Amino acid sequence: MPVITISRQHGSLGYEIAQSLSAQLGMELIEREKVIKEWMPEVADKYQLHLLAESPGAYLKKSSGGIVFKEFIEQRLRLFASENPCIIVGLGSQMIFRSDQAALNVRIMASEEKRAERLSRKYKLNTQEALKLINAIDKRHKRYISLLYEADWADPSLYDLTINTDRLSIKNSLEAIQSAAIARGLLSRNFQRSGIPAGPSLSEGSISDSNGTAALTVEQEPSAGTAGEIPEAAPPKNTPHFKHPAETEFAGILDMYGIKWVYEPKTFPVSWDAEGNVTLAISPDFYLPSFDTYIEITTMDQKYVTTKNKKIKRLRELYPGININIVYKKDFASLVSRFGIKILDNAVAQQ
Amino acid sequence: MDTSCIKRIIYTSEELQAKAKALGRQISDDYRGKHPVLISVLKGTLYFLADLTRNIDIPVNIDFMSIGVFSGSAGNSRTGIVRITKDLDTDISGRHVLMVEDIINTGLTMGYLIQNMRARQPADIKICTLLNNPAKRLVSLPIAYTGFESSNSFLVGYGLDYKEEFRHLPYIGEFDESMI
């Protein structure tokens with residue numbers, strides 16, 4: 001069956017292109033989250049899954065059954081691709097299907113400036129913050145391919161097609177990929193009507209045949225993994241919808257002092273998985289523009305605060321210019337009792 | 001006077017005098033030729049301002065402010081609103097302003113004042129505080145001079161009060177909160 005592998009730089013629109021391609025061609029999209037959640041538990045325990053989510057080096061370890069995790073993924077991907085036309089995002093799929101005649105390996109990239117511009121919009125970061133994020137995630141991608149396959153993920157010879165999305169839209173990119181797949185005989189010309197790719201199948205673990213239907217490989221745009229998808233930046237609101245009563249009360253206290261505030265203006269990615277996909281992000285509750293300060297309010301119990309503290313610590317490491325302060329449960333209770341706000345007792349009691 | 005509710009002395013009169021002297025000298029050096037305006041927030045800074053300014057050997061102006069919390073009107077605000085109850089007598093436009101405070105915890109009060117002062121377009125604004133508790137800070141402030149880093153203890157004396165009492169103690173002591 002045809003396989004399209006997609007490798008992408010962060011902020012290159014690679015994941016969006018992979019999703020659109022999947023929907024347009026009716027080819028299943030395989031991404032890291034599916035592999036980790038649905039396939040890996042067959043060979044990895046909870047602790048190993050944690051390591052696999054964190055470190056590329058963990059993929060070189062053996063499972064209790066004796067199989068190296070990297071090899072397990074390769075086998076499962078080949079098996080799946082032999083039975084199903086699919087689009088694979090990341091996972092080193094450009095290496096796994098590199099010599100496969102039924103695969104089309106695509107790389108989606110864009111200039112650093114363009115990617116920074118997109119990430120600035122998405123996460124409401126300034127250019128410097130966005131560039132730092134790009135750099136951190138690119139390093140993860142590079143390390144994953146380097147460590148597992150001893151290759152340079154930016155090496156153009158690994159790909160059949162490289163698309164620069166600086167000036168090409170998602171639609172343009174889809175057309176280019178489809179044209180390449182048709183030219184290679186991996187898709188039939190009527191794929192858009194039937195949704196069924198044409199061409200020969202991929203055999204498991206090896207090159208299928210010279211007319212093999214392409215497997216397009218696409219790397220995934222960062223998704224939030226276990227921490228949940230990072231939401232697109234919400235449009236500015238005149239009246240924010242606070243997620244917690246404590247936030248409402250805190251906004252009232254800031255109003256009392258006439259201190260200007262903005263509710264959750266930015267999302268800061270703070271953690272990435274082994275391949276560079278964003279797995280953890282934090283959106284501080286308030287930003288005080290007059291004082292260039294973010295404030296995170298927590299009315300959680302101490303055991304949950306530890307996790308939040310780690311996130312804040314990580315944010316400070318990654319974005320050293322950011323001023324962020326935490327209002328803990330005790331401080332919050334003290335603050336609100338100072339102003340006799342009774343409802344806050346309930347707010348504090350929650351969570 | 002009954003001081004049984006003072007658990008212990010945190011800063012003696014001598015320590016406070018020495019700190020005021022050191023800060024006064026530093027401010028004199030930093031502001032020489034700038035003729036700053038020292039703005040004090042009533043009433044906690046009473047003694048600190050008096051000791052501090054008597055150790056400054058450059059020309060300065062001194063002014064006072066006071067703020068109060070007014071309850072919300074017509075029930076549409078539970079938290080009320082902070083307002084200036086005693087404004088400056090000095091025009092600070094283009095002047096070098098040094099805010100003098102007794103203690104800064106969350107920084108909300110000083111944040112309010114800084115915003116208000118900025119609107120008057122001074123040349124610059126800095127802060128001198130006798131006691132600073134950065135662990136409780138919510139608002140990033142331009143604190144240039146700090147006397148002591150304070151803990152979360154409830155402190156009284158040397159201008160600090162509990163229900164308007166204990167301000168006139170010559171030292172700063174830890175108030176027994178179980179008495180509250």
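Bear in mind that the values in this text are calculations on the coordinates, not laboratory data. The structure displayed is predicted, hence computed values, not measured ones. Cβ sites come from the backbone with ideal geometry, for glycine too, and all protein chains shown count toward neighbours.
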Ranked from fewest to most other Cβ atoms within 10 Å of their own Cβ, A:Asp331, B:Asp63, A:Asp292, A:Asp285 fall in the order A:Asp292, B:Asp63, A:Asp331, A:Asp285
Under 16 Å Cα-Cα from B:Lys136, which lysines qualify once same-chain neighbours fewer than 8 residues away are excluded? A:Lys329, A:Lys330
For the cross-link pairs A:Lys310/B:Lys19; B:Lys21/B:Lys86; A:Lys260/B:Lys86; A:Lys46/A:Lys171, which exceed 31 Å when the distance is taken from alpha carbon to alpha carbon? A:Lys310/B:Lys19; A:Lys46/A:Lys171
Tell me which aspartates and glutamates have Cα within less than 18 Å of A:Lys122's Cα, excluding those fewer than 8 residues away on the same chain? A:Glu16, A:Glu112, A:Glu113, A:Asp138, A:Asp166, A:Glu221, A:Glu229, A:Glu232, A:Glu264, A:Asp285
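Any idea what % of Cα-Cα pairs in segment A:3-217 are farther than 23 Å?
46
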If the reach is capped at under 13 angstrom between alpha carbons, list the aspartates and glutamates near A:Lys313, excluding any in the same chain fewer than eight residues apart. A:Glu296
Tell me, in nm to one decimal, what length is gained between B:Asp57 and B:Ala22 on full extension, where the rule is 0.36 nm per residue of separation less the Cα-Cα distance? 11.4 nm
Taking Cα atoms only, Rg over Rh for segment A:52-146 with Rh from the Kirkwood formula is 1.06
How would chain B be classified by its alpha-carbon gyration tensor: rounded, prolate or oblate, with rounded meaning a/c under 1.5 and the a/b versus b/c comparison settling the rest? oblate
For segment B:80-171, projected area of the alpha-carbon convex hull averaged over all directions, nm²: 7.0
